[in-house]
Amino acid sequence: MLRTESNSVLIDAVERLEVALQTPFVPGEMVNWAKAVRRSLTALHLPLNEQLNQVHHRTIKQIALEDPELSTRAVNLKRADEQNMQQFERLLQRVQNLPERVNQAEPDEGSMESELQEIIDDGLKFVLAVRGQETAIDTWMNESLNRDSGDGD
């Protein structure tokens, strides 16, 4: 994923989420793990929202204006943004009270291990989707600007 001035804050926040998700949860430390995941997801909300609703909105609009043949791609990019936001909101909802639930499960934290693994898997899928979307938008923006439309000589 290409780091630009417009997506730098988002990339940093996504990387913090990824690290939190990939940190092994150690028995006795699962509450701290859950808090770190919740904190990183919460911190991602504003940069993700700004990136999708401001930067992506303008860029997707410009892709369609620069090269009308890419309007279908622009629609697909917009749809992917909507799906990413929905996926984010579902993840955030799932971790909202996770530390408290893990704490209540003590000393049998292991009983939550499958749920936590599911959150990790879904969270990492979300991370990949966001990274992929940043790459796709950059690719299609460059394509809209540099594509040979066949109108010349």
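Quick notes
- The sole residue among R131, R58 that is farther than 20 Å from V26 by Cα, touching a residue at least 60 places away in the same chain (Cβ under 8 Å) and open to solvent by 40 Å² or more (accessible area, probe 1.4 Å) is R131.
- Qualifying residue in segment 71-78 (condition: part of a helix (DSSP H, G or I) and under 13 Å from the mean Cα position of the chain (by Cα)): no
- Flag if E69 is touching a residue at least 40 places away in the same chain (Cβ under 8 Å) and open to solvent by 70 Å² or more (accessible area, probe 1.4 Å): yes
- The criterion of being among the acidic types (D, E), modelled with pLDDT of 95 or more and on the phi < 0 side of the Ramachandran plot does not hold for D108.
- For segment 13-31, a residue qualifies if it is surrounded by fewer than 18 Cβ atoms within 10 Å (Cβ to Cβ) and at pLDDT 95 or above, and the qualifying residues are E15, R16, V19, Q22, T23.
The values are calculated or read from the model by the stated rules, or taken from the named source; none is laboratory data. Please read all numbers here as calculations on a predicted model, not as lab measurements. All Cβ positions, even for glycine, are placed from backbone atoms using ideal geometry, and neighbour counts span all protein chains on display. Please note that ligands, DNA and RNA were not included when accessible areas were found on the heavy atoms of the full protein model with its side chains. Shrake-Rupley method; radii C 1.70, N 1.55, O 1.52, S 1.80 Å.
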